[in-house]
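The values are calculated or read from the model by the stated rules, or taken from the named source; none is laboratory data. Since the structure is predicted, the reported quantities are computational estimates derived from the model, not experimental observations. Counting neighbours? That spans all protein chains shown, and the Cβs are built from the backbone with ideal geometry, glycine included.
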Amino acid sequence: MGKYFGTDGFRGEANVTLTVEHAFEVGRFLGWYYGRDHKCKVAIGKDTRLSSYMFEYALATGLTASGADVYLLHVTTTPSVSYVVRTEDFDCGIMISASHNPYYDNGIKIVNSNGEKMSEDVILEIEDYLDKKTGPVPLATGEKIGKTTDYSAGRNRYMGYLMSLAIRSFKGVKVGLDCANGSSFSIAKSVFDALGAQTYVIHNEPNGVNINTDCGSTHIGDLQRFVVEKGLDVGFAYDGDADRCLAVDENGALVDGDKILYICGTYMKEQGMLKNNTVVTTVMSNLGLYKAFDAAGISYEKTAVGDKYVYENMSNNGHRLGGEQSGHIIFSKYATTGDGILTSLKIMEVMLEKKQKLSALASPVTIYPQLLHNVRVTDKRAAQEDADVKAAVAAAEEALGSDGRILVRESGTEPLVRVMVEAETQEICRKYVDSVVEVIERKGYGR
């Protein structure tokens, strides 16, 4: 991770740690970098945050000033930007979003011409430019100045692509969608309606400041109640930019990313589609998932937290399914990033093909109690490397043995150290989380 860009782009509070000047300069650099030997093309999408419009204009101004032609997808999802870039002649794509963060944060996510997250070497060059470690880039003049084009047609092509992946009609299925007042509000319902579902939607009235507020994949309660009250067959919740999906079964129970990986992984194995018989997870996946995979005869690999690392592993090894507990699920045959709407369509496919309710499909996975505590710290690395903190972690590991685990890691986007424990009871989880948090705070790293 660099100074500005974390595991999921350049993220920060709008006009505080991420400013219009930053956006303009990122645009200036990318327009020059990709336009050194040709007229480069860049696609930009954004979510529904108030500041997304401001950053869209700043990026477009910087890009066109460096000679790039900019294609505006307007309000759309992160995976749609990735799809448009990799299927058309774009040099790169930019999504303006802070994903599941509150409205006052925002972010700049950059993908390369393959629709994959930008390589670290290019990110470091952008950071050097932002820090003025490299010289200025030239301004385009005359006919070399770039232009902007309305390209909502690209978003519509993505919607058509999603519809083409469904192998059965959704007719007669009652589906609930929580759009988090974010990017999916303009896409998800149209896709499900077109496929024949009886679609019921909540949190699809964005006003610039209500994105992710008590809704979406990070606040699943509203959808759980909605599914039960309406007597729906299934519910899907997305985050602000719709690269995540969590599900709710017909009883209102949460089906998280781990259970989604199990449901789709076992189905793909049955269909002969699970290449290498392997699912890629992160270190945050639950012990219960691994026990269920063992019982099903499915292998798994573990990466660092972040769908970036999941995709890198999948790409390097040819795996077809991977994801995170939080709902970033990647189907590498169809996408190069987590895609919430695609994930919900694949879950629907399993339900319809196997003629089973979601609760039955998820039942083989018994989730171990898990407790995650986020400690806001002054120095993430120092807190983790402290000898006393390491000793506390080691003591917890020894005490938990094979019946649990502890994981201490730094956030890729915030000044947080995350302490997570899984064990047979919530009380045991609390005991060992507290034992580590107490040392972090006692040693003066908390803030």
Would you say THR343 is assigned to a helix (DSSP H, G or I), of a type in the set (Ser, Thr, Tyr) and closer than 30 Å to MET118 by Cα? yes
Return the residue satisfying two criteria in turn: it lies in segment 305-325 and is without any contact (Cβ under 8 Å) to a residue 60 or more places away in the chain and assigned to a loop (DSSP other than H, G, I, E, B), and of such residues it is surrounded by the most Cβ atoms within 10 Å (Cβ to Cβ). HIS319
When segment 78-104 is examined, which residues are found to be assigned to a helix (DSSP H, G or I) and among the polar types (S, T, N, Q)? THR78, SER80, SER82, THR87
Looking at GLY115, GLY107, GLY146, GLY62, can you tell me which residue is in contact with a Lys or Arg (Cβ under 7 Å, 6 or more places away or on another chain), part of a loop (DSSP other than H, G, I, E, B) and in the same structural domain as LEU18 (by TED's automatic domain parsing)? GLY115
Given (1) within 26 Å of the chain's Cα centre (by Cα); (2) in a helix (DSSP H, G or I); (3) more than 30 Å from ARG168 (Cα to Cα), number of the condition LEU361 does not satisfy: (3)
Out of curiosity, is ILE44 without any contact (Cβ under 8 Å) to a residue 60 or more places away in the chain and either outside any helix (DSSP H, G or I) or of a type in the set (Gly, Ala, Ser) (or both)? yes
Do we find a residue being part of a loop (DSSP other than H, G, I, E, B) and in contact with a Phe, Trp or Tyr (Cβ under 8 Å, 6 or more places away or on another chain) anywhere in segment 366-384? yes
Every listed condition ((1) acidic (Asp, Glu); (2) surrounded by 16 or more Cβ atoms within 10 Å (Cβ to Cβ); (3) out of contact with any helix residue (DSSP H, G or I) (no Cβ under 8 Å at 6 or more places or on another chain)) holds for ASP379 save (2)
Scan segment 362-375 for residues that are touching a Lys or Arg at 6+ places or on another chain (Cβ under 7 Å) and either free of Cβ contacts under 8 Å to residues at least 12 places away in the same chain or closer than 30 Å to THR77 by Cβ (or both) and jot them down. ALA362, VAL365, LEU372, ASN374
Cβ pairs under 8 Å, 6+ apart, first in segment 326-352 and among the aromatic types (Phe, Trp, Tyr), second in a loop (DSSP other than H, G, I, E, B): PHE331/ARG320; PHE331/ASP339
Could you tell me whether segment 212-221 includes any residue that is within 25 Å of the chain's Cα centre (by Cα), over 20 Å from THR48 (Cβ atoms) and of a type outside the set (Val, Ile, Thr)? yes
Which residue pairs have Cβ atoms under 6 Å apart, sit 6 or more places apart or on different chains, and have a first residue in segment 241-254 that is touching a residue at least 60 places away in the same chain (Cβ under 8 Å) and a second that is acidic (Asp, Glu) and part of a loop (DSSP other than H, G, I, E, B)? ASP241/ASP47; LEU246/ASP256; GLU250/ASP233
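Out of ILE347, ILE298, I need the residue that is closer than 29 Å to GLY160 by Cα and not assigned by TED's automatic domain parsing to the domain that holds SER82. Which one? Walk me through it before giving the result.
Details: ILE298 fails: closer than 29 Å to GLY160 by Cα.
Sole residue among the options that is closer than 29 Å to GLY160 by Cα and not assigned by TED's automatic domain parsing to the domain that holds SER82: ILE347.
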Filtered residues of segment 174-222 (kept if in contact (Cβ under 8 Å) with a residue 40 or more places away in the chain and of a type in the set (Ser, Thr, Tyr)): SER183, SER184, SER186, THR213, SER217, THR218
Name the single residue, out of those in segment 124-151 being hydroxyl-bearing (Ser, Thr, Tyr) and surrounded by 14 or more Cβ atoms within 10 Å (Cβ to Cβ), that is nearest to GLN198 (Cα to Cα). TYR151
Matching entry among LYS380, LYS357, LYS390, LYS431 (being in the same structural domain as ALA253 (by TED's automatic domain parsing) and more than 17 Å from MET284 (Cα to Cα)): LYS357
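Mind checking which strands (runs of 3 or more DSSP E) fall wholly inside segment 213-288 and carry at least 2 residues that are over 17 Å from GLY340 (Cβ atoms)?
Values: elements: 234-238, 245-248, 278-282.
Where strands (runs of 3 or more DSSP E) fall fully within segment 213-288 and carry at least 2 residues being over 17 Å from GLY340 (Cβ atoms), they are 278-282.
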